[in-house]
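Written out below as structure tokens is the structure these notes cover.
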Amino acid sequence: MEAKKTAVKTKKDSMLLITLRRLAKNKMAMAGLAFILVMVAVALLSPWIAPYSYDAQDLEHVFSMPSKEHWFGTDNLGRDIFSRIMYGGRYSLRIGFISAGVAALGGITLGSIAGYYGGRADTIIMRVLDVFQSVPSLLMSIAIAASLGPGFTNCIIALSVSTMPAYARMTRASFLNVREMEYVEAARSINASDFRIIWKHVLPNAISPMLVQATMGVASGILGAAALSFLGLGVQPPEPEWGAMLSAGRNYIRDYWHVVLFPGITIMLTILSLNMLGDGLRDALDPRLKN
């Protein structure tokens with residue numbers, strides 16, 4: 001019995017290693033992963049490595065252009081833009097990861113119930129999700145954020161609720177393909193509980209599309225947070241969220257381009273890196289491409 005457990009564990013580890021090796025061969029995906037890891041490290045270490053505090057004002061050097069003292073220049077209050085971008089990652093990245101995680105958890109739960117049980121549960125869940133998906137996700141986020149009020153937590157709630165239906169539908173579709181497989185029928189034949197069948201047999205074989213969707217969801221969360229903050233419904237000043245920095249600098253873009261250029265480039269490169277990583281994960285997890 002002990003040897004059997006060891007063999008099963010070795011097989012699972014080998015599949016994981018195969019996926020990691022396939023991912024490592026994708027240079028674009030690894031470049032995206034490296035950039036994201038650097039951004040996460042910079043955000044976490046910003047209180048110790050940033051040259052200035054994010055709220056330190058120098059009114060004698062307002063709108064300074066990029067220089068050796070201020071690599072990305074200063075804003076309308078003389079705050080160092082480079083330091084604020086470093087600190088801003090603590091807000092933007094957290095919103096992206098948390099909102100994607102909450103949306104994935106809720107969507108996978110609903111999609112699992114609908115896809116595995118079918119019938120009335122499937123009909124009720126899908127019709128409710130149809131109502132949510134009849135409204136564009138950004139418009140839904142704006143409506144929820146406007147009703148709850150601006151702020152970090154409310155921004156996460158708005159983004160999570162508006163993107164949850166996509167995860168639920170994808171999970172349901174995957175469950176419909178997997179639930180009739182032979183190994184699921186075998187588990188039912190030995191009277192395994194529904195929870196065990198879903199958790200041990202169906203979900204592991206249907207999770208790959210959700211992992212890719214979650215990676216893309218982090219990018220969508222960061223972009224959505226920037227949009228809400230730009231509209232004044234996200235993280236509020238003086239907190240240095242990237243979208244809030246764009247919103248604060250839009251009135252000065254004609255004369256002081258650096259105020260919005262560097263936060264915008266940071267958002268663009270982060271979204272691009274997450275999309276490249278998501279594409280790499282999709283290729284690595286595609287069973288048709290595995291040897």
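What the table shows:
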read-out: Cβ pairs under 6 Å, 6+ apart, first in the stretch 61-73 and part of a loop (DSSP other than H, G, I, E, B), second surrounded by 15 or more Cβ atoms within 10 Å (Cβ to Cβ) and of a type in the set (Val, Ile, Thr); value: SER64/THR74; PHE72/ILE81; GLY73/ILE81
read-out: Members of the stretch 161-181 that are surrounded by fewer than 24 Cβ atoms within 10 Å (Cβ to Cβ) and either β-branched (Val, Ile, Thr) or outside any loop (DSSP other than H, G, I, E, B) (or both); value: VAL161, ALA166, ARG169, MET170, ALA173, SER174, LEU176, ASN177, VAL178
read-out: Single residue of MET140, MET126 found to be among the aliphatic types (A, V, I, L, M), without any contact (Cβ under 8 Å) to a residue 40 or more places away in the chain and surrounded by 15 or more Cβ atoms within 10 Å (Cβ to Cβ); value: MET140
read-out: Check on ALA186, under 30 Å from MET245 (Cα atoms) and not basic (Lys, Arg); value: no
read-out: Residue list for the stretch 56-88, filter: at pLDDT 85 or above and of a type in the set (D, E, K, R); value: LYS68, GLU69, ASP75, ARG79, ASP80, ARG84
read-out: Hits in the stretch 227-254 (condition: farther than 21 Å from PRO150 by Cβ and in contact (Cβ under 8 Å) with a residue 40 or more places away in the chain); value: TYR252
read-out: Residues satisfying the stated conditions in the stretch 127-141, i.e. part of a helix (DSSP H, G or I) and over 13 Å from GLY221 (Cα atoms); value: ARG127, VAL128, LEU129, ASP130, VAL131, PHE132, GLN133, LEU139, MET140
read-out: Residue in the stretch 256-271 that is farther than 25 Å from GLN57 by Cα, touching a Phe, Trp or Tyr at 6+ places or on another chain (Cβ under 6 Å) and not polar (S, T, N, Q) present; value: no
read-out: Hey, SER160 among the polar types (S, T, N, Q) and at pLDDT 90 or above or not; value: yes
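The values are calculated or read from the model by the stated rules, or taken from the named source; none is laboratory data. These numbers come from a predicted model, not from an experiment. Every residue, glycine among them, receives a Cβ derived from its backbone with ideal geometry; neighbour counts consider all protein chains shown.
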